[in-house]
1. Quick check on this structure: which one of 31, 44 is outside any helix (DSSP H, G or I) and without any contact (Cβ under 8 Å) to a residue 40 or more places away in the chain?
2. Filter segment 180-192 down to the residues that are without any contact (Cβ under 8 Å) to a residue 40 or more places away in the chain and in a helix (DSSP H, G or I), then identify the one that is surrounded by the fewest Cβ atoms within 10 Å (Cβ to Cβ).
3. Applying the selection to segment 167-179, what residues are under 15 Å from residue 156 (Cα atoms) and surrounded by 12 or more Cβ atoms within 10 Å (Cβ to Cβ)?
4. Confirm whether residue 45 is touching a strand residue (DSSP E or B) at 6+ places or on another chain (Cβ under 9 Å) and farther than 19 Å from residue 139 by Cα.
5. Is it the case that residue 110 is without any contact (Cβ under 8 Å) to a residue 40 or more places away in the chain, closer than 19 Å to residue 61 by Cα, outside any loop (DSSP other than H, G, I, E, B) and under 22 Å from the mean Cα position of the chain (by Cα)?
6. Of all residues being surrounded by fewer than 17 Cβ atoms within 10 Å (Cβ to Cβ) and touching a strand residue (DSSP E or B) at 6+ places or on another chain (Cβ under 6 Å) in segment 79-101, which is nearest to residue 142 (Cα to Cα)? Just the residue, please.
7. In segment 51-71, which residue that is under 19 Å from the mean Cα position of the chain (by Cα) and part of a loop (DSSP other than H, G, I, E, B) is nearest to residue 32 (Cα to Cα)?
């Protein structure tokens with residue numbers, strides 16, 4: 001089926017697995033989102049580590065987000081290419097929102113590898129800065145959240161730009177998902193518009 005490059009259809013622009021790893025290993029921050037007891041969606045910007053297809057984040061155990069995620073471990077994490085420099089255009093551009101389940105860890109083995117990995121990300125090529133950040137992280141109130149993704153919502157801006165310029169082979173495009181097919185055409189019908 002031929003795809004259109006209609007600006008309202010974006011699900012056809014996923015990342016490859018390699019591009020996901022590039023985005024996640026180069027972006028320095030994410031937005032962690034959860035639901036509060038009274039139903040409000042809330043998000044905060046965090047540093048993170050991408051390891052084995054999971055997102056690892058840390059914060060103090062007394063934060064509201066810790067209680068909220070323990071109550072309901074369904075969370076989302078958004079990562080954008082705006083979180084890294086890409087002057088030469090060799091890294092993917094766009095964003096991914098991961099829907100997933102959160103699990104807390106406070107054991108010494110997890111703390112050691114995670115604090116080391118996060119300190120290297122925050123202070124690359126700076127052993128003194130790395131050691132200082134590790135020391136900051138290594139506090140008695142700290143907890144570590146591991147988010148295991150169950151769904152990815154992706155927008156590959158590079159592929160979208162090339163598609164709109166007529167420079168993409170149809171084989172590079174992803175499947176048109178229900179939001180950009182069924183739901184969009186129901187909304188178009190409600191507004192008296194032709195289906196796409």
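Read-outs: derived from the displayed coordinates by stated rules, not from any lab. The shown structure was predicted, so the numbers you read here are calculated from the model rather than taken from an experiment. Using ideal geometry, Cβ is built from the backbone for each residue, glycine included, and neighbour counts are taken over all protein chains shown.
1. On the way: 31 fails: without any contact (Cβ under 8 Å) to a residue 40 or more places away in the chain.
Just one listed residue meets the conditions, 44.
2. 190
3. 168, 172, 173, 174, 175, 176, 177
4. Numbers: touching a strand residue (DSSP E or B) at 6+ places or on another chain (Cβ under 9 Å): yes; farther than 19 Å from residue 139 by Cα: yes.
Yes; evaluated as a whole, the condition is true for this residue.
5. Numbers: without any contact (Cβ under 8 Å) to a residue 40 or more places away in the chain: yes; closer than 19 Å to residue 61 by Cα: yes; outside any loop (DSSP other than H, G, I, E, B): yes; under 22 Å from the mean Cα position of the chain (by Cα): yes.
Yes.
6. 101
7. Checking each candidate, the answer is 53.
To keep it simple, each residue is scored yes or no on (1) closer than 25 Å to residue 19 by Cβ; (2) free of Cβ contacts under 8 Å to residues at least 24 places away in the same chain.
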| residue | (1), (2) |
| --- | --- |
| 91 | yes, no |
| 101 | yes, no |
| 116 | no, yes |
| 124 | yes, yes |
